[in-house]
1. Yes or no: the range A:141-156 includes at least one residue that is out of contact with any strand residue (DSSP E or B) (no Cβ under 8 Å at 6 or more places or on another chain), assigned to a loop (DSSP other than H, G, I, E, B), within 12 Å of chain B (Cβ to nearest Cβ) and hydrophobic (A, V, I, L, M, F, W, C).
2. Among the residues of the range A:111-121, are any closer than 23 Å to A:Arg81 by Cβ and at the interface with chain B (Cβ under 10 Å from one of its Cβ atoms)?
3. Output the residue which, of all residues in the range A:70-88 that are at the interface with another protein chain (Cβ under 8 Å from one of its Cβ atoms) and not in a strand (DSSP E or B), is nearest to the chain's Cα centre (by Cα).
4. Just to be sure before I move on: is A:Lys95 out of contact with any Cys (no Cβ under 8 Å at 6 or more places or on another chain), of a type outside the set (Val, Ile, Thr) and at the interface with chain B (Cβ under 9 Å from one of its Cβ atoms) in the structure I sent?
5. Considering the range B:13-32 alone, what residues qualify as being surrounded by fewer than 20 Cβ atoms within 10 Å (Cβ to Cβ) and in contact with a Phe, Trp or Tyr (Cβ under 9 Å, 6 or more places away or on another chain)?
6. Scan the range A:32-88 for residues that are farther than 14 Å from A:Lys6 by Cβ and hydroxyl-bearing (Ser, Thr, Tyr) and jot them down.
7. Quick one: B:Arg81 ticks every box in (1) in contact (Cβ under 8 Å) with a residue 40 or more places away in the chain; (2) assigned to a helix (DSSP H, G or I); (3) within 14 Å of chain A (Cβ to nearest Cβ) bar one, so which box is it?
8. Test A:Val34 against the criterion of being within 20 Å of A:Leu235 (Cβ to Cβ) and either at pLDDT below 90 or not acidic (Asp, Glu) (or both), and give yes or no.
Amino acid sequence: MSVILKTEKLRVEFTSREFRQTTKVALNSLDLEVTTGEVFGFLGPNGAGKTTTINVLLGFVTPKSGAAYLFGIDVRQPIARQRIGYLPEMTYYYKFLTAEELLRFYAKIFGLPRAEADKRIDGLLKLVDLEQARRRPLKTYSKGMQQRVGLAQALINNPDLLILDEPTSGLDPLGRMKVREVIQRLKNEGKTVFFSSHELGEVETICDRVAIINQGELKAIGRVGDILGQHHSNLEKAFLDIIGYQLQATP
Amino acid sequence: MKSIFAVAGIVIKELYRRKDFYVLFILTALICLVMASVNIFNDDKIIRYLKELCLLLIWISSLVIAIITAARQIPAERENRTLLPLLAKPLTRPELILGKFFGCWFACGLALICFYLFFGALAASREHQWPLLNYFQAAALHWFMLGVVVALTLLGSLVFAAPSSNATIIFVVVAGILLVGRHLNQVALSLPEPSQSIVYSVYYAIPHLELFDLRDLIIHDWPLVPWKFFGLAILYALAYTALFLIGTCLVFRRKTVN
């Protein structure tokens, strides 16, 4: 099993632009390793640093110190992104394009030959159940359909590593099931999936390993079964326990 | 290069699927056709005024298209979060900027072709002549001037917060350069120091967009601009375009994308 995604002592600071500048530590000494073929869940409460970590992995944010690697290549090099797929949290794709045109556009960025792109576009639109709507402008798509077309664009280059930022947020149960199915299918194909989520039940079902962060610091990392075993509960209770949240007894 | 042209293709598609261009074209055409249909004061030379009006409308419309199209590119990508999946692909930030620039510039070129074809047809219907080379020189220099404006607007879209404020500021700056740019050195002469040096510096620093205005050449049927000067004007435009694009890339390199 080779390491496909790695962060070393990652530290990210954000400085406010106000007159009295304040510095917020978004990530502090974050060490992560994800190996080939894993489905890795990245958990944490809002503002914990999940999206910041993903942003560093994609080269959107430069860390103050530490380093991040994808396939052993420093994430600051564009070539590191050749074999990844990325689905951001709720994106509104170019509304004047159709799903087919959008996927063709992303295929061109990856330099896919026309025949290969056509084949992949057909397969992906079938996978995300958008075959019927492939020639409709994206402005007519529902939120769930937008998210599914987002999933299709993330898979256009047949990536070895898929990074998903809260892929099921705002989706109806059917949409969530579809995303779960796709992740499961990728896992069966031996692909690596790294995803952040608040849906702990879903994480428990499909993840091999999880990491839990809070206030920019890694609180726990390990196999789902091991974490559940240590806390003798389900993932939701284990999660609350790890982040130090005290459940209030209702009177 | 493929990814640059892929980005450019999206910009061009956006232009012809939005209503802006069609509205401006129809408006220009309507005004010109109405003016052409009336023979004011029974003057035979009225065609000159008609050509002047038509070219003025083409210049205003092309500037509006160039500025509005370029001003919304990066802010819209950020607002809709499409910048994230785009930059998560093996596409560098300078490539994205170049793609946006070429897209806007080619889109302006397509719009100019439509406008000049309409103008040519209108003028030919009255004058029964079609000075192709004059039209070519005027349209080509006009297009290269729009390249400078597009690059400047892209830079502005990273500096100013809202696309509307960027568009307004760039429009005022461009209009200012076109109207008073050529007189700044004369103004400087009448000023005391240090104002004189400041105005002179501004005169030499700004791109002199008025150099690309060949409307009089067409209106008064003047002879062609010597090709040597035509080439130099294009080089001048390319130099300023490159300068603004480098500035845009440098500013964008440090921008957070989300």
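1. Looking for residues that are out of contact with any strand residue (DSSP E or B) (no Cβ under 8 Å at 6 or more places or on another chain), assigned to a loop (DSSP other than H, G, I, E, B), within 12 Å of chain B (Cβ to nearest Cβ) and hydrophobic (A, V, I, L, M, F, W, C), one finds none in the range A:141-156, hence no.
2. Yes: one or more hits.
3. A:Pro88
4. Taking the combined requirement at face value, the residue satisfies it.
5. B:Lys13, B:Tyr16, B:Arg17, B:Arg18, B:Tyr22, B:Phe25, B:Ala29
6. A:Thr51, A:Thr52, A:Thr62, A:Ser65, A:Tyr86
7. Just one mismatch for B:Arg81, condition (2).
8. Working: within 20 Å of A:Leu235 (Cβ to Cβ): yes; either at pLDDT below 90 or not acidic (Asp, Glu) (or both): yes.
Here the answer is yes, as A:Val34 does meet what is asked.
The values are calculated or read from the model by the stated rules, or taken from the named source; none is laboratory data. Predicted model only: the values in this text are computed from it and were never measured. In this analysis, Cβ positions are derived from the backbone assuming ideal geometry, glycine residues included, and neighbour counts consider all displayed protein chains.
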